[in-house]
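Taking it in order: structure first as structure tokens, then the write-up.
The values are calculated or read from the model by the stated rules, or taken from the named source; none is laboratory data. From a predicted model like this one, the values you see are computed outputs, not experimental measurements. Don't worry about glycine lacking a Cβ; one is built from the backbone with ideal geometry, like all the others, and counts go over all protein chains shown.
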Amino acid sequence: MEYLPAYNRILKEGGIIALSTSANNNPNVRIVNYCFDENNPSVLYFSTSSDSNKIAELTGNEKTAFTTIPTSHDDTPHVRSHNAFVRKSDLSLNDVKDMFLKQTPDLAEMFEAVGNFLDIYEIHVKEADVVVSMEDAGIIIF
């Protein structure tokens, strides 16, 4: 089975991931909103303040892992990766705002209130597990 369509569908249906960080061998996990462009599916975008603890941790170790969070208890579709890295994007919030709001319209109020303080970061996915169901899972490599 080709898993890119399922990967895109799962990422479109979500909007929140659990993103791992690690500093001095101390792991951490953060819940972040994300968006992505189906024309460039190996990159997910998230916004945060550049002086946040998560960015300090990622600056010291850009390697990351993440998982989408299943939206239903009846099924388990999710995407997870332990082969990804984070870097600060050259894009601004204005460049990706429409993608964010298409995926998660509720972010409009937050962007209005604190958007001037947010930077955009990119999660570059090299490989991901795509779990369509308990019986159907595969790997995609970018």
Report task. Considering (1) within 21 Å of Cys35 (Cβ to Cβ); (2) surrounded by fewer than 13 Cβ atoms within 10 Å (Cβ to Cβ), say which one Ile141 fails and leave the rest. Result -> (1)
Report task. Can you confirm whether the stretch 3-16 contains a residue that is within 19 Å of Ile141 (Cα to Cα), at pLDDT 95 or above and part of a loop (DSSP other than H, G, I, E, B)? Result -> yes
Requested in this report: Kindly provide the set of residues from the stretch 8-22 that are buried (at least 20 other Cβ atoms within 10 Å of the Cβ), hydrophobic (A, V, I, L, M, F, W, C) and under 22 Å from Asn61 (Cβ atoms), ordered by number.
Outcome: Ile17, Leu19
Query raised in the report: Name the residues in the stretch 79-108 that are assigned to a loop (DSSP other than H, G, I, E, B) and crowded, with 19+ Cβ neighbours inside 10 Å, would you?
Result: none
Query raised in the report: Could you list, in sequence order, the residues of the stretch 62-78 that are under 12 Å from Tyr121 (Cβ atoms) and assigned to a loop (DSSP other than H, G, I, E, B)?
Result: Glu62
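Yes/no per residue for (1) touching a residue at least 24 places away in the same chain (Cβ under 8 Å); (2) farther than 21 Å from Met99 by Cα; (3) touching a Leu at 6+ places or on another chain (Cβ under 8 Å):
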{"residue": "Asn8", "(1), (2), (3)": "yes, no, no"}
{"residue": "Ile16", "(1), (2), (3)": "yes, no, no"}
{"residue": "Ala23", "(1), (2), (3)": "yes, yes, no"}
{"residue": "Asn26", "(1), (2), (3)": "no, yes, no"}
{"residue": "Tyr34", "(1), (2), (3)": "yes, no, yes"}
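For residues in the stretch 24-78 being among the charged types (D, E, K, R) and under 19 Å from Phe142 (Cα atoms), which is surrounded by the most Cβ atoms within 10 Å (Cβ to Cβ)? Talk me through it step by step, then tell me what you get.
If we filter the stretch 24-78 for residues that are among the charged types (D, E, K, R), which is where we start, we get 30, 37-38, 51, 54, 57, 62-63, 74-75.
So of that shortlist, the ones also under 19 Å from Phe142 (Cα atoms) come out as 37-38, 62-63.
Working: Asp37: 12, Glu38: 12, Glu62: 15, Lys63: 13.
Among those residues, the one meeting the criterion is Glu62.
Within the stretch 85-93, identify whether any single residue is among the hydroxyl-bearing types (Ser, Thr, Tyr) and touching a residue at least 60 places away in the same chain (Cβ under 8 Å), and answer yes or no.
Pass one, the stretch 85-93, residues among the hydroxyl-bearing types (Ser, Thr, Tyr): 89, 92.
After this cut, where a residue has to be touching a residue at least 60 places away in the same chain (Cβ under 8 Å) as well, the list is none.
No.
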Query raised in the report: Of the residues Ala84, Ala65, Ala108, Ala128, which single one is small (Gly, Ala, Ser) and farther than 30 Å from Asn26 by Cα?
Result: Ala108
Report summary line: Going through the stretch 112-142 in order, the residues found to be modelled with pLDDT of 95 or more and either of a type in the set (Lys, Arg) or in a helix (DSSP H, G or I) (or both) are Lys126
